[in-house]
1. Given points 7 Å out from each Cα along the Cα-Cβ axis, report the ASP130 to ALA95 separation in nanometres with one decimal.
2. Compute the separation of the alpha-carbon centres of segment 46-72 and segment 6-37 and state it in Å as a whole number.
3. Relative contact order (percent) for segment 111-193, with alpha-carbon contacts under 8 angstrom and 6 or more residues of separation?
4. When the expected Rg is taken as 2.2 N^0.38 Å, what fraction or multiple of it is the alpha-carbon Rg of segment 92-192?
5. Give me the lysines in straight-line cross-link reach of LYS114: C-alpha distance below 24 Å, same-chain residues under 8 apart excluded.
6. What is the helix-to-structure angle for 105-118, meaning the angle in degrees between its Cα long axis and the longest Cα principal axis of the chain, kept from 0 to 90 and rounded to the nearest 10?
7. Please work out how much accessible surface GLU190 shows to a 1.4 Å probe, ignoring ligands, DNA and RNA, in Å² rounded to 10.
8. For helix 92-102, what angle does its Cα long axis make with the longest principal axis of the chain, in degrees from 0 to 90 and rounded to 10?
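The values are calculated or read from the model by the stated rules, or taken from the named source; none is laboratory data. Worth saying up front: this structure is predicted, and the values here are computed from it rather than measured. Don't worry about glycine lacking a Cβ; one is built from the backbone with ideal geometry, like all the others, and counts go over all protein chains shown. Ligands, DNA and RNA are excluded from the accessible area calculation, which covers all protein heavy atoms including side chains. Shrake-Rupley method; radii C 1.70, N 1.55, O 1.52, S 1.80 Å.
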Amino acid sequence: MAHTLPALPFAPSALEPHITAHTLSFHHGKHHNGYVNKLNAAVAGTDLEGQTVEQLITNPDAKAVFNNAAQHFNHSFYWKSLSPNGGGRPSEAVAAKLEAAFGSVEGFKEAFTKAAGTHFGSGWGWLVKDAAGNLSVTSTHDAGCPLTDGLTPVLVVDVWEHAYYLDYQNRRPDYLKGFWELVNWDFVAENLG
Ligand code: MN
């Protein structure tokens, strides 16, 4: 079965003013769609056809399709990390886990913002969970995905310029401020388990 572009889980204008429909029309409709189409073209007729995107990302024999597979996974995860009903404070259960790992919810937000804000070039800022359940903040370059390190993604922000340049030009810190107004704490809760 071919990989498919997931519908955005919100109306294209629902994240404004922090992320505009104009940005999403390119980011979802062109960039993410392009990764899906290239992935499908690359696996068609090969023994990688039929593997899930998670299988492809961690398959040492699928290095040639890694970038498009991981970009498909990362973007699908990013859309779910955003919500027009997001922002504010997480639930007490989520807050307790963040406090245990980072001292406070604010401490987590600072660490995540620093990892994403100081990441050099294209990439992604992540909250991840290891096999023992320990939380940490990290960033990955280009299509890099924590699944390759056996880590479970919990939250992601896209810091490729295409994620914010139309709305913020070079001002990544302002984009990240907007991200916190949209952060989908319910999705975080789901991934923390
Ligand atoms: Mn992107």
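1. If labels sit at ASP130 and ALA95, their model points lie 2.8 nm apart.
2. Measuring centre to centre over Cα atoms gives 23 Å.
3. 28 percent
4. 1.04
5. LYS80, LYS97, LYS129, LYS177
6. Relative to the chain, helix 105-118 is tipped by roughly 50 degrees.
7. About 130 Å², rounded to the nearest 10.
8. Value to nearest ten degrees: 90.
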